[in-house]
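The values are calculated or read from the model by the stated rules, or taken from the named source; none is laboratory data. Quick caveat, the model's predicted, so the values are computed rather than measured. Using ideal geometry, Cβ is built from the backbone for each residue, glycine included, and neighbour counts are taken over all protein chains shown.
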Ligand SMILES: [Cu+2]
């Protein structure tokens, strides 16, 4: 494994982390994984079980607006290898072959006609959208292997919401990668909509020993990571991998007012979400415009919790995104916003050696 050293002078600490590059371009299919690495990884991993020889290529999210207040959303449950740190392949249980799964963006009040296609040949999966009012015993039920489930519900509260597989044991399904974010855009927008120059989605999640419920339950995460999902065509779209948002930083221009939709999908840890070198001017807890706070240094995100944070970058440079629980930073929880004169990547290193 290659170790890089990030100089983090603001706190006069040096943070070691393992770099990995596993970005997915939003405009093309995510990269295919390397079978020889998976075989090597399988020899040391403890429990692939019935998924031993399964590695299903990512399937793009299908979302189609069928009327002013109605969308059709189609997702898959599938098994897909993801390189969570250099050389460490994880046979993830996923939605659509991404972990976290693809971002789903709808509008407040939308009726969602949801289809879940379970491509997993061996175990059931399901979908629990925190964004909707539903009867879990009917609307979040298991979909059997190689079958599809159809569900309808309404997203009538705005915000940044977690979704996850709710099949028992839920912890195994979430920790193995079945989590993601739905953004329900407020019907009247956010107060600063006209002043925002750039917006990104940042998701925090943890990884543990492979498919090990004992470790999920009583252990500590081996990695804590940030990812981003493309909110529009051409934006970066990554899995939750160590170093993903350092090797390929988010870009901004001096003076930009930036909005981050943030979501901590856990499964177990709290996030103390902070961007070094700035103060959040405006924060909307869980992304609801009603929950408006100002002048916040660190936003606490419970497991599953979300927020919208807005801030201005006033100087050129690299702004680390962290959870201020610094033991998690050493496990990968750092991303980078690179601020340049023109908002383009100037090629300078985001992590010093
Ligand atoms: Cu599942």
Subject >> Residue that is modelled with the lowest pLDDT [pool: residues in segment 337-353 that are in a loop (DSSP other than H, G, I, E, B) and within 10 Å of residue 318 (Cβ to Cβ)] >> reply: 352
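Of the residues 169, 145, which is touching a helix residue (DSSP H, G or I) at 6+ places or on another chain (Cβ under 8 Å) and over 30 Å from residue 253 (Cα atoms)?
From the options 169, 145, the qualifying one is 169.
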**OP:** Quickly run through segment 172-211 and pick out the residues that are within 16 Å of the ligand (Cβ to nearest atom) and farther than 18 Å from residue 271 by Cα.
**Re:** 172, 173, 176, 178, 210, 211
Original post:
How many residues, within segment 107-124, are touching a helix residue (DSSP H, G or I) at 6+ places or on another chain (Cβ under 7 Å) and either away from the ligand (no atom under 15 Å from the Cβ) or not in a loop (DSSP other than H, G, I, E, B) (or both)?
Top reply: 0
Original post:
Taking segment 71-96 only, how many residues are crowded, with 17+ Cβ neighbours inside 10 Å, within 28 Å of residue 152 (Cβ to Cβ) and more than 16 Å from the ligand (Cβ to nearest atom)?
Top reply: 3
Subject >> Near pairs, Cβ below 7 angstrom, 6+ apart or cross-chain, from segment 112-128 (touching a residue at least 60 places away in the same chain (Cβ under 8 Å)) to any residue that is away from the ligand (no atom under 12 Å from the Cβ) and assigned to a loop (DSSP other than H, G, I, E, B) >> reply: 119/56; 121/54; 121/146
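Specify the residue that is nearest to the chain's Cα centre (by Cα); the eligible residues are those in segment 135-145 that are within 16 Å of the ligand (Cβ to nearest atom) and free of Cβ contacts under 8 Å to residues at least 40 places away in the same chain. Spell out how you get there, then give the answer.
We begin by selecting, within segment 135-145, every residue within 16 Å of the ligand (Cβ to nearest atom); these are 136, 139-145.
Remaining after also requiring free of Cβ contacts under 8 Å to residues at least 40 places away in the same chain: 136, 139-142, 144-145.
Working: 136: 23, 139: 24, 140: 21, 141: 23, 142: 23, 144: 26, 145: 25 Å.
The selected residue is 140.
Return the residue satisfying two criteria in turn: it lies in segment 149-171 and is away from the ligand (no atom under 16 Å from the Cβ) and surrounded by fewer than 20 Cβ atoms within 10 Å (Cβ to Cβ), and of such residues it is farthest from residue 130 (Cα to Cα).
150
What helices (runs of 4 or more DSSP H), lying completely within segment 155-250, carry at least 1 residues that are over 12 Å from the mean Cα position of the chain (by Cα) and within 17 Å of residue 96 (Cβ to Cβ)?
Counting at least 1 such residues, we get 170-175.
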Subject >> Conditions (1) within 25 Å of residue 200 (Cβ to Cβ); (2) within 16 Å of the ligand (Cβ to nearest atom); number of the one not met by residue 132 >> reply: (2)
**OP:** Would you mind listing the strands (runs of 3 or more DSSP E) fully within segment 278-319 where at least 3 residues are in contact (Cβ under 8 Å) with a residue 12 or more places away in the chain and surrounded by 19 or more Cβ atoms within 10 Å (Cβ to Cβ)?
**Re:** 280-285, 306-312
